[in-house]
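S.K.: Could you have a look at this structure, given as C-alpha cells, before my questions?
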Amino acid sequence: MTLNSLGLDTKKTKELANQLNHLLANFQIYYQNLRGIHWNIKGKNFFDLHVKFEELYTDANMKVDLIAERVLTLGETPLHTFEDYIKQAKVPVGHNVSKDENAVALIVTSLTELLKIERHILNASDDANDEGTNSMMSDFITEQEKTVWMMNAWLGKSL
C-alpha cells in the first residue's frame, strides 16, 4: 500500500476523490435548482419560501466549495464544467418550477439523492480511514436529514 502525504492509501484516496466529484456534480445541479425556484416561486407562500430558498442555495454554494476543496486536498481536480455535472447528475433538473409544493418536493427529491451519495462516501471514507471526508459527510447528512424532515412536514408528509 502506498500512502500519500496525508497518510492515506493513494488508491482509496483517488476513489474517494472520484466519489466526491460525483457528489460535487450533483450538488451543482441542486444548487442551480435552488436558484431557479428562488427566482421563479409564485403564490401565497412567496415571501416565506423566497427567503428559505435563498438560505438553502447559500448553504449549497458553501458546500460546493467545501467538496471541491476536499477533492483538491485529496490530490485530484474537482469537476468544473456543466457538461461534467450533467453527465454525472442523479439529482433531477427542475425546469420552470414556480408552484410551492412542486418546489419543496424537488428539494426533498434532490436531498434524498444527495443523501444516498453521501452515505456511500461516508462508508468509503471510513474504510479509507479518511477522517476529513468522513466528518464532512457526517455533517452534511445531519443537516440534510433535518431539512428533509422539515420540508416533508411543510408538505404534510411523514418520512
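The values are calculated or read from the model by the stated rules, or taken from the named source; none is laboratory data. This is a predicted model, so every value here is computed, not measured. Cβ placement follows ideal geometry from the backbone for every residue including glycine, while neighbour counts extend to all protein chains displayed.
S.K.: Residue check, L6 against (1) more than 20 Å from E113 (Cβ to Cβ); (2) modelled with pLDDT of 95 or more, all met but one. Which one?
M.R.: So the condition that L6 fails would be (2).
S.K.: What do you reckon, is A153 farther than 30 Å from M1 by Cβ and assigned to a helix (DSSP H, G or I)?
M.R.: Taking the combined requirement at face value, the residue satisfies it.
S.K.: Within region 106-122, identify whether any single residue is of a type in the set (A, V, I, L, M, F, W, C), outside any helix (DSSP H, G or I) and either at pLDDT 95 or above or farther than 24 Å from E54 by Cβ (or both), and answer yes or no.
M.R.: No, every residue in region 106-122 fails to be of a type in the set (A, V, I, L, M, F, W, C), outside any helix (DSSP H, G or I) and either at pLDDT 95 or above or farther than 24 Å from E54 by Cβ (or both).
S.K.: Any idea which of K90, K146 is in contact with an Asp or Glu (Cβ under 8 Å, 6 or more places away or on another chain) and of a type outside the set (S, T, N, Q)?
M.R.: K90
S.K.: Just checking, does region 80-88 include any residue being within 14 Å of the chain's Cα centre (by Cα) and not hydrophobic (A, V, I, L, M, F, W, C)?
M.R.: Yes, the conditions are met somewhere in region 80-88.
S.K.: Only one residue in N129, N123 is out of contact with any helix residue (DSSP H, G or I) (no Cβ under 8 Å at 6 or more places or on another chain), more than 21 Å from N45 (Cα to Cα) and either touching a residue at least 40 places away in the same chain (Cβ under 8 Å) or among the hydrophobic types (A, V, I, L, M, F, W, C) (or both), so which one is that?
M.R.: None of the other options fit; the residue is N129.
S.K.: If the requirement is being within 20 Å of the chain's Cα centre (by Cα), among the aliphatic types (A, V, I, L, M) and over 20 Å from E143 (Cα atoms), which of these qualifies: A25, A17, A60?
M.R.: A17
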